[in-house]
Amino acid sequence: MTDPDCIFCKIARGEIAAKKIHDDADVMAFHDIRPQAPVHFLLVTKAHIASLYDAGPAHQAALGKLLVLAGRLAREAGATDGFRAIINNGRVAHQEVYHLHMHVLGGPESLGPMLARK
Ligand code: AMP
Ligand code: ZN
């Protein structure tokens, strides 16, 4: 499924440019346009799934592939000493783009605590 107005679907269709580091039938990875760490790329499903709330059994293979690719792509991007994988879902998590994606963030320095302490 593809959404005509979704920015990540547009990248998947080749209508918007992105610095791609992986592309296959199920998933794609590209550098985040506003990096928040020296390594910061996004792994996205090719299918338009709004968030994990909308994921179902039909998406299991693509989501498994997304997880399995994360470590190899992180290492290839230079995050050889650790990385963080984040999936924001919905309002409380400040999700901005409603097409399921996993952020991969890496050093070389420590990324700090998982969430900002209040
Ligand atoms: P989230 O808050 O988890 O929905 O994060 C959305 C992410 O998508 C942000 O980190 C944005 O910088 C990133 N982003 C938005 N548009 C683009 C784009 N055209 N190419 C690459 N990254 C993008
Ligand atoms: Zn989409």
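The values are calculated or read from the model by the stated rules, or taken from the named source; none is laboratory data. Everything quoted here is computed from the prediction, not taken from an experiment. Note that each Cβ is placed from the backbone with ideal geometry, even for glycine, and that neighbours are counted across all protein chains shown. Quick note on the areas: whole protein, heavy atoms, side chains included, nothing else; ligands and nucleic acids left out. Shrake-Rupley method; radii C 1.70, N 1.55, O 1.52, S 1.80 Å.
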Residues of segment 15-38 satisfying the condition of being more than 13 Å from ligand 1 (Cβ to nearest atom), open to solvent by less than 60 Å² (accessible area, probe 1.4 Å) and part of a loop (DSSP other than H, G, I, E, B): 24
Conditions (1) surrounded by 12 or more Cβ atoms within 10 Å (Cβ to Cβ); (2) part of a helix (DSSP H, G or I): number failed by residue 72: (1)
Considering residues of segment 80-108 that are away from ligand 1 (no atom under 16 Å from the Cβ) and among the small types (Gly, Ala, Ser) only, the residue most open to solvent (accessible area, probe 1.4 Å): 82
Pairs where the first residue, in segment 69-93, is free of Cβ contacts under 8 Å to residues at least 60 places away in the same chain and the second is hydrophobic (A, V, I, L, M, F, W, C) and assigned to a helix (DSSP H, G or I), C-beta under 8 Å, 6+ apart: 83/70; 83/74; 85/67; 85/70; 87/52; 89/52
Residue within segment 50-69 that is at pLDDT below 95 and either open to solvent by 40 Å² or more (accessible area, probe 1.4 Å) or among the basic types (Lys, Arg) (or both) present: no
